[in-house]
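The values are calculated or read from the model by the stated rules, or taken from the named source; none is laboratory data. Source: prediction; values computed, not measured. We place every Cβ from the backbone using ideal geometry, glycine too, and count neighbours over all the protein chains shown.
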Amino acid sequence: MKKSFLTSLIGVITLIILVAVSCNRKDVSNFNTVDNSTKELVLSYLNQQKILDPKASIFIDTLVSKSDWGHITQSLVSDDVKLIYVPLIYNRNRTGITFMYNNITQEIYYSLITEIPRNNTNINNKTNNTLIRPIDVITSFYKNKMNGYTGSLRAFSLSNNFLWEFGYEYGKRKFEKWIKTSSSNRTANNPFPVKSSSVSSNSNTSIVCSDYYFITWYESGKITSEYIGTTCVTEGCPATLGLRQDSLSINQGTLKINSTCGGIPEDGSPGGGGAAPEYIEITNNIKDSCLKALVTLLQNPDRLDNAIAKILLNVFGTNDKINLTFTEKNDLVNKWGIPINGYSKEHKYGSYEVFLNSSELNQYSKERQTLTIMHEILHNYFWARYNNINGLQINNHHTNMLENYIEFMASSLEDLFPNLKSNHDVTLALCFDDLYGSVDLPEPYKTIDRSVFNSVINSNKYSKFGLNLSNWQGIADKAKWQSERLSPLGTACSN
Amino acid sequence: MKYIFKIIFTFCLLSICHKSFSQNSKNVSREIQEIKLIFKYLTNENTSTSFNLTLDDTLTLPPYFTSYRKYYDEKTKFKSIDLPDFVRSKYFNLNKFDCEKLNSAMLKDTSRLFFHKSWFTKNKIMILSDLIINNDKNGYTEYIKPIIFRNYTRCFITILHGGDLESFFLKKRNNQWTFDKFYIRTAE
C-alpha cells in the first residue's frame, strides 16, 4: 500500500513538473539543437557585412570572438521568419546578436545587437516576467505580444551604433527611445592658430554634431530630450551614436560621448550659431483628443525633418534646461475679452507654456488647428532664441512670422498633411489666415501692419511660381473648416 | 511765554513739513533722473532695435507712462495683463523687501509720469498727444511706469503692445543701467 502510494506520488510530481516546463515555453517555438550549419551561416553573413562596411570590420571581429556559440537559440516569429540569437559573453548573456532568417530564401537578411538591460527588468518588485530568456523577449517584441513583460529592449547596429530602446511595463509599451544628431557650423577659436606670412587667424569653422536621446513616454504624452554630447567632424554627422562603454564592455566602436570640440566652449553659449539644448521636456496636457493628437504629431521624433518640429524638439533653446507645456484653456480671452485660439507665456527663461482654446479651435480642420500650434511654438522659440535686450521685439513676433517663417510653416504643414502638397496655394493661404488674426483687429490690438501683410501676399516670391494669392481667404476656406462640405481639402477631426 | 511756545511750535512744524516735502521731491527728481538714464540705455545704438524705431530712427512714445492700477481688479488683481504677485526668487534675485516694494508700487502708484523730449539726446522722438492715444483707431505701445527699487540699483519695466506683454528687470552697474533678466512675457 505504502509502496503504491509512493509510486503514485512520484508519478504526480513528475506530471506537475512536465506540465510546468511545457507551460513556461509558451508559444515560442524553440530549436535548441543548433548544428554547425547555423554557426557557419551566421559567420558567413558576418563576413559579408565586414565587406559591405569595412569600418565595422574590427567591431564584428570582436563580436565573433566574444560570441557564446554553445548557447545559440532560435525561434519562429512567423511561418517565414526565424530569429537566431547568438549570446555574447558580456553582461551575463543579456547581450547578443540577433539575426533574422528567411525560411523561404534560406538567407539571413537582417541583424542587430540586442541588449536586455538587467537593471531595468525590475521596474518595481511586483513584476512577474514570464519572458525569461533573451530570445523569448526578442521574439515577443517582433510578434508585438509582450506577454506581461516588464523591462526594456535595446538595439545597436553591427557597426556599434545605438538604434533604439523600447520599454515595457506588464506588457504595455511604456517608452521608446531614439537618437537624433543635429549639426551646425560653428566658427571656433583655435587654440593652435595657423599663421601664414601675411595673415594670422585664430578661428576656423567646423561641423559640430550634437547628439540627443529622444524618449517618448506613452502614458504622460511627454517627450524628453537628453543631451548626450557634441563631436567635431569635418565631413558630416553620423546618424547615430555608438554603444556606451558602461552598457557593454567592448572597447572597439565609435564612442564619441561628450568629446570636446576644439576651442568651442562646452557651455555652448548663445550666439555661436544656435547652441543645443542640454535637456528639453515637452509636456502635452491637452485634454481634447483631436488637439492632443495634433500636438503629439509635432512631438513625434520621426518628424524631426519637419521644420517646426525641429524648432520644437531640436533648436528650441540654448544650453539650459527647457520646459514647454501645452495646456488646454477653453475660456481663453485677451485682455479686452475677445476669445482667442492660442496664447503663449514665458514664465521665466527656460519655462514656457502654450495655452490652446479647443472651444475656438474645434471649428477648424486639423490643418488649421496645427497652424495655431505652430504659431504658438514660434512665439516661445523667439523668446528662447532672443533672451537678451534685443529680444524686446514685442510687436515684431507676428511680423517676423509673416516675413520669415511662412515658408517654414507651410512646408511643415505639408509634411504633416501630405494631402496639401499638391495645393501649395491652399497651404500658404492657411498660413496667412493664421496670421490675419493679428491684422484684422482694431488698431490698438493689431500687431501686423496691414500694408506689410498685403505686400507679403502680393510679393513676387509667390507670383513667380504661378501662385495667385490675392483671394487668399477664399483659397484658405478650401481647407480651413472642420466641415468637409465647406473645406473639402481639409481633414476633419473625426478622420 | 505762551506766544513764544506757539511760535516755536509752528516753526518746528513748518520745518518738518518742508523737510518732508523736499525729501519727497528729491526722491521724485532722483526717480526721474534714473528713468532718464534708463531710457537712454534702452534707446542707445546697441538696443535701439528693441524699440521698433521707424525707418528714419524715430522713436514714437505715448505722452506718459501708464500705471499698473489701470489693469487692476479686486478679484483678479493683475490677471488681465497676466502678471502674478512678486514672490521671493533666487532666479530673479528678489528678496522679501524687493517683493514688498514691487507689489506695493504696482498697487498704489497711480501717478502718470510724462515723457519729455529733453530726456532723449540721440533719437528723434515723437511724443503722441492725448487726442491720438484716446482715439481707439490709433495703436501705440504702452509703457507702464518703471518701478525702481533696492536703493536705485534695480528696476522693473512692463511694456504692452496689443495683447502682448514684455516685462523685465534692469540692474545698475558702475552707475550704468543694463539689462538683467526678462520676467513674464506673453503673446497671442
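Odds and ends about this structure:
- All conditions in (1) in contact with a Phe, Trp or Tyr (Cβ under 9 Å, 6 or more places away or on another chain); (2) more than 15 Å from A:T447 (Cβ to Cβ) hold for B:N134, with the sole exception of (1).
- Whichever residue in segment B:133-168 is more than 9 Å from every other protein chain (Cβ to nearest Cβ) and in a loop (DSSP other than H, G, I, E, B) and, among such residues, is modelled with the lowest pLDDT: B:N134
- Evaluation of A:I340 against the conditions (1) within 13 Å of B:R185 (Cβ to Cβ); (2) surrounded by fewer than 24 Cβ atoms within 10 Å (Cβ to Cβ); (3) facing chain B (nearest Cβ under 9 Å) shows that the sole unmet condition is (1).
- Filtered residues of segment A:325-337 (kept if more than 7 Å from every other protein chain (Cβ to nearest Cβ) and charged (D, E, K, R)): A:E328, A:K329, A:D331
- Scanning segment B:169-188 for residues that are farther than 29 Å from A:N400 by Cα and either of a type in the set (G, A, S) or at the interface with chain A (Cβ under 9 Å from one of its Cβ atoms) (or both) gives no hits.
- Where A:N423 falls short, out of the listed (1) of a type outside the set (K, R); (2) surrounded by 24 or more Cβ atoms within 10 Å (Cβ to Cβ); (3) at pLDDT below 95: (2)
- Qualifying residue in segment A:402-418 (condition: over 29 Å from the mean Cα position of the chain (by Cα) and modelled with pLDDT under 85): no
- Scanning segment A:456-470 for any residue that is over 23 Å from A:A293 (Cα atoms), surrounded by 22 or more Cβ atoms within 10 Å (Cβ to Cβ) and modelled with pLDDT under 90 turns up nothing.
- Residue pairs meeting the criteria (Cβ under 7 Å; at least 6 apart or on separate chains; first over 22 Å from A:Y85 (Cβ atoms), in segment A:48-65; second at pLDDT 85 or above): A:S57/A:K50
- Tally of residues being hydroxyl-bearing (S, T, Y) and at pLDDT below 90 across segment B:169-188: 0
- Residue among A:T139, A:T130, A:T114 that is at pLDDT 90 or above and not in a strand (DSSP E or B): A:T139
Matching residues to (1) within 17 Å of A:T491 (Cβ to Cβ); (2) without any contact (Cβ under 8 Å) to a residue 12 or more places away in the chain; (3) not hydrophobic (A, V, I, L, M, F, W, C):
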{"residue": "A:H397", "(1), (2), (3)": "no, no, yes"}
{"residue": "A:S412", "(1), (2), (3)": "yes, no, yes"}
{"residue": "A:D415", "(1), (2), (3)": "yes, no, yes"}
{"residue": "A:N419", "(1), (2), (3)": "yes, no, yes"}
{"residue": "A:S422", "(1), (2), (3)": "yes, yes, yes"}
{"residue": "A:V426", "(1), (2), (3)": "yes, no, no"}
{"residue": "A:L430", "(1), (2), (3)": "yes, no, no"}
{"residue": "A:L435", "(1), (2), (3)": "no, no, no"}
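- Residue count for segment B:26-56, restricted to those that are away from chain A (no Cβ under 12 Å), modelled with pLDDT of 60 or more and more than 16 Å from the chain's Cα centre (by Cα): 1
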